[in-house]
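Trainee: I'd like to ask some things about the structure below.
The values are calculated or read from the model by the stated rules, or taken from the named source; none is laboratory data. Nothing here was measured: the structure is a model prediction, and the numbers come from that model. In this analysis, Cβ positions are derived from the backbone assuming ideal geometry, glycine residues included, and neighbour counts consider all displayed protein chains. Remember, those area values only see protein heavy atoms, side chains included, never the ligands or the DNA or RNA. Shrake-Rupley method; radii C 1.70, N 1.55, O 1.52, S 1.80 Å.
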Amino acid sequence: MKRAKKKAFADFIAQRGLKSTRQRDLILDCFLSSDRHMSIEELYLKLRAKHPNIGYATVYRTLKLFAESGIAREMQFGDGQTRYEHVGEGEHHDHLVCTRCGSIEEFENEGIEKLQAEVAANRGFLIERHRLELYGLCGACRK
């Protein structure tokens, strides 16, 4: 899957007439190796530890390109920060967001997906995309 995302991004860059750069490659590798929903700041700090020559603006612009290319999705969870997550072909999941510590947990539930489809069908509505985010306290914060 990582290889497919790298190819999709390389194709996108070429179509845009942009150059493939070492910095973009490093940012892409770092982003794809993470299993978290990363903010620009988080990704920047993670990269800076090994590659101090990468600037914040470069990380910002590159994440925007990832989103434009379709390999990443911008997510807002109500805390004022934009986070980015990987996008997989035909992949869908929802989120549990802790309002205290900010943790974000992905989940899939076939029952919820079926119910959404039923509700839409009963109303003659065709779902093109959707997002479900549940906000509350995670298990660790409830203790």
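Trainee: Of the accessible area of the chain, with the probe set at 1.4 angstrom, what percent is carbon plus sulfur?
Mentor: Details: 4770 of 9530 Å².
C and S atoms contribute 50 percent here.
Trainee: If you don't mind, another one. Return the single residue from R24, R73, R61 with maximal mean-square fluctuation; model: Gaussian network over the chain, springs between Cα atoms under 10 Å.
Mentor: Answer for the Gaussian network model of the chain: R61.
Trainee: Once the Cα atoms of the range 1-103 are picked out, what are the Rg and Dmax in Å?
Mentor: 13.8, 44
Trainee: Quick one: if you stick a label point 7 Å off each Cα along the C-beta vector at S103 and E68, how many nm between them?
Mentor: Result for the modelled spin labels: 3.6 nm.
Trainee: Sorted by packing (mean other beta-carbon atoms within 10 Å per residue), highest first, where do 9-20, 25-36, 113-124 land?
Mentor: 25-36, 9-20, 113-124
Trainee: Sort K7, K64, K143 from largest to smallest accessible area, using a 1.4 Å probe on the heavy atoms of the protein chains.
Mentor: K143, K7, K64
Trainee: Leaving ligands, DNA and RNA out of it, rank K50, K6 by accessible area with a 1.4 Å probe, largest first. Don't skip to the answer; put the middle values down first.
Mentor: Working: K50 165, K6 80 Å².
Final ranking, largest accessible area leading: K50, K6.
Trainee: On to the next question. Using only Cα atoms and rounding to the nearest 10 degrees, what angle (0 to 90) does helix 110-122 make with the longest principal axis of the chain?
Mentor: 70
Trainee: Compute the relative contact order of the chain as a whole-number percentage, counting only Cα pairs closer than 8 Å that sit 6 or more residues apart in sequence.
Mentor: Computed over the chain, the figure is 18 percent.
Trainee: If you don't mind, there's one more thing I want to ask. If you take every DSSP beta bridge fully contained in the chain, what fraction is antiparallel? Give it as a percent rounded to 5.
Mentor: Roughly 75 percent of the DSSP beta bridges within the chain come out antiparallel.
Trainee: Apply 1/(1 + (r/R0)^6) to the Cβ-Cβ distance of H92 and N53, taking R0 = 30 Å, and write down the FRET efficiency to the nearest 0.05.
Mentor: That gives a FRET efficiency of 0.20.
Trainee: For Q81 and E110 in the same chain, what is the full-extension length gain: residue separation times 0.36 nm, less their Cα-Cα distance, in nm?
Mentor: So the extension gain works out to 7.5 nm.
Trainee: Cα axis of helix 56-69 to longest principal axis of the chain: angle in degrees, 0 to 90, nearest 10?
Mentor: Relative to the chain, helix 56-69 is tipped by roughly 50 degrees.
Trainee: Amide H neighbours of C138 under 5 Å, at least 5 residues apart or on other chains, H built in the peptide plane: list them.
Mentor: T99, R100, C101
Trainee: Leaving out ligands and nucleic acids, note down the accessible area per residue over the chain with a 1.4 angstrom probe, in whole Å².
Mentor: About 67 Å² of surface per residue is accessible.
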